[in-house]
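Heads up, the thing below is written out as structure tokens.
The values are calculated or read from the model by the stated rules, or taken from the named source; none is laboratory data. Not measured: the values here are computed from a predicted model. Here the Cβ positions follow ideal geometry from the backbone for every residue, glycine too, while neighbour counts run over all protein chains shown. The protein model used for the area step is the full one, side chains on, heavy atoms only, and it has no ligands, DNA or RNA in it. Shrake-Rupley method; radii C 1.70, N 1.55, O 1.52, S 1.80 Å.
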Amino acid sequence: MTVAALAARPIPTPPATARRGPWRAGAFTGRLHEPRTAALLGRALGIAVAVCFVTGLISHVHQHSPSWLDMPSRPVWGYELSQGLHVATGVAAVPLLLAKLWTVYPRLFTWPPARDLGHALERLFIVPLVAGTVFELVTGLLNIVEWYPWRFYFPRVHWAVAWVVLGSLLVHLAVKAPVISATTGRRRTPEPRDDQLSQDRRALLLGVGSAVGAVTLATVGQSVRPLRGVSVLAPRDPAVGPLGLPVTRAAAAARVAPAALDPAWRLVVVGPRPVELSLADLARLPRHVVRLPIACVEGWSATASWSGVRLRDVLDLARVPHGVHVRVVSLEEHGLYSVAPVGPSAARDPLTLLALGVNGAPLDLDHGYPLRLIAPNRPGVQQTKWLSRIEVITRG
Ligand SMILES: Nc1nc2c(c(=O)[nH]1)N[C@H]1C(S)=C(S)[C@@H](COP(=O)(O)O)O[C@H]1N2
Ligand SMILES: [Mo]
């Protein structure tokens, strides 16, 4: 039997007496539960989901780049823009998804529930699509407010479910292609003139658009600094924190204070000619000031003026050859972010600093005293604080 024939195999209709409650004919009278409204909302939601997916992919590659991949260190604002978009499109997707689900939910009660096997399968694919999308938006939102009421490792699960959403979305789009082109395409089937319906639809779309605008304005201030005043729902204000900069993990939580404040602290550089540098040694190297953002995966970002020594100058002292991957290691022993790789481009970028100061003041303990990494186009999780070592990554 061919697949097409299998898909067309009829499924018996349940007895008419089973058709009650929401399954009744005419149970839903709202006129906006119709295909064109669903397709228009779907288009906006699809764009938000697509941007969210691509920027999520970018963030994943940054944080899990294979050892042969040299992540580019430019543009300086690359990760800030990409992750800002990731969180903003995720937030905007919430009202879009709610409106879309409201428009189509009467179809849950289609009668008969499934005409044939193909129809049953098509309907079944809605389950991973809706469940996956809701899961991604809910876990993403909880992540940006740093509330983890679950036991799994968020990045891994959020990443895996993104593929479930992508796969079921592609199936959904393929199945719905005829409806989409008939209701919104360039050569769409002309509707019978219905001014009331058009007006209602316009009002709904306007309302949803305003909701998207409102949630966006209420949160983007965490990365778009001029809007911080209106962003009443933003979990972070990029200008609030010691030295005018937020703190994620404080020194006390990371239990690094004794080691960081120890006068015997040295930066150990493991290379062909290993060196140990005290703060006084570092102070004798050429000093540079750069303006770079910290762009957290949680969507906030804050640009500051960092001063310190170039990573490449320190690597040269240890005769570390060009083109190698290194890693920076924190005094923090057990944190998820205590070690981070630095590829050749970032290692040699003149903007990549081992920072000793920020915003005109010496670095404070919570921002990574005595020494932290700050590099362009890099996720905040890899801007490692409280450095203790720099090592060449040897493959093997
Ligand atoms: N050692 C160490 N470095 C770290 C972290 C950490 O938990 N431990 N957090 C990172 C994260 S998630 C971010 S966003 C930035 C924030 O830097 P800040 O606290 O100075 O703003 O530091 C990064 N560096
Ligand atoms: Mo972060």
Return P(r) of the range 57-180 (all Cα-Cα pairs; 10 Å bins starting at 0; whole %; ordered from short to long distances).
-> 10, 34, 30, 18, 6, 1
Over all distinct alpha-carbon pairs, what is the Kirkwood Rh of the chain in angstrom?
-> 24.3
Answer check: the range 313-385, Cα atoms, Kirkwood Rh, Rg/Rh ratio of 0.95
Return the inverse of the average 1/r over all pairs of distinct C-alpha atoms in the range 242-392, which is the Kirkwood hydrodynamic radius, in Å to one decimal.
-> 15.1
Low-density loop GluC sites (Glu not before Pro), the range 317-396, at most 14 other Cβ within 10 Å, DSSP non-H/G/I/E/B, are GLU333
Among DSSP beta bridges lying fully in the chain, give the percent that are antiparallel, nearest 5.
-> 90
With every protein chain present, what accessible area does ARG225 have (1.4 Å probe, heavy atoms only), rounded to the nearest 10 Å²?
-> 110
For the range 12-72, which chymotrypsin sites (Phe, Trp or Tyr not before Pro) are in a loop by DSSP, counting at most 11 other Cβ atoms within 10 Å?
-> TRP68
Rounded to whole Hz and in sequence order, give me ³J(HN,Hα) for the range 52-69 from the Karplus expression 6.51 cos²θ - 1.76 cosθ + 1.60, θ = phi - 60°, writing x for Gly and Pro.
-> 4, 5, 5, 5, x, 4, 4, 5, 5, 5, 4, 7, 10, 5, x, 5, 7, 8
What net charge do the residues around LEU129 carry, taking every other residue with its C-beta under 15 Å from that of LEU129, with Lys and Arg at +1 and Asp and Glu at -1?
-> +2
Just read off the accessible area of ILE11 with the full protein assembly in place, 1.4 Å probe, to the nearest 10 Å².
-> 60
What's the FRET efficiency of GLN196 with THR2 using the Cβ-Cβ distance as r and R₀ = 41 Å, to the nearest 0.05?
-> 0.35
Relative contact order %, the chain, counting alpha carbon pairs below 8 Å whose residues are six or more apart | 19
Using a Gaussian network model of the chain with C-alpha springs under 10 Å, which one of THR29, THR37, THR303 is most mobile by mean-square fluctuation?
-> THR29
Row for the range 3-230, column shape: gyration tensor on C-alpha, a ≥ b ≥ c, rounded if a/c < 1.5 i.e. under 1.5, prolate if a/b over b/c, else oblate; value prolate
The answer for GluC sites (Glu not before Pro) in the range 79-177 that fall in a DSSP coil and have at most 14 neighbouring Cβ atoms within 10 Å is GLU146
Among ALA280, ALA211, ALA295, determine the one that fluctuates most according to a GNM of the chain built with springs between C-alpha atoms less than 10 Å apart.
-> ALA280
Between the range 103-143 and the range 40-99, the Cα center-to-center distance that results, in Å | 23
On average, how much accessible surface per residue is there in the chain, in Å², for a 1.4 Å probe, leaving out ligands, DNA and RNA?
-> 52
Alpha carbon centroid spacing (whole Å) that separates the range 179-255 from the range 329-396 = 33
Quick one: what are the phi-derived ³J(HN,Hα) couplings along the range 91-99, Karplus 6.51/-1.76/1.60 with θ = phi - 60°, whole Hz, x for glycine and proline?
-> 5, 5, 5, 4, x, 5, 5, 4, 5
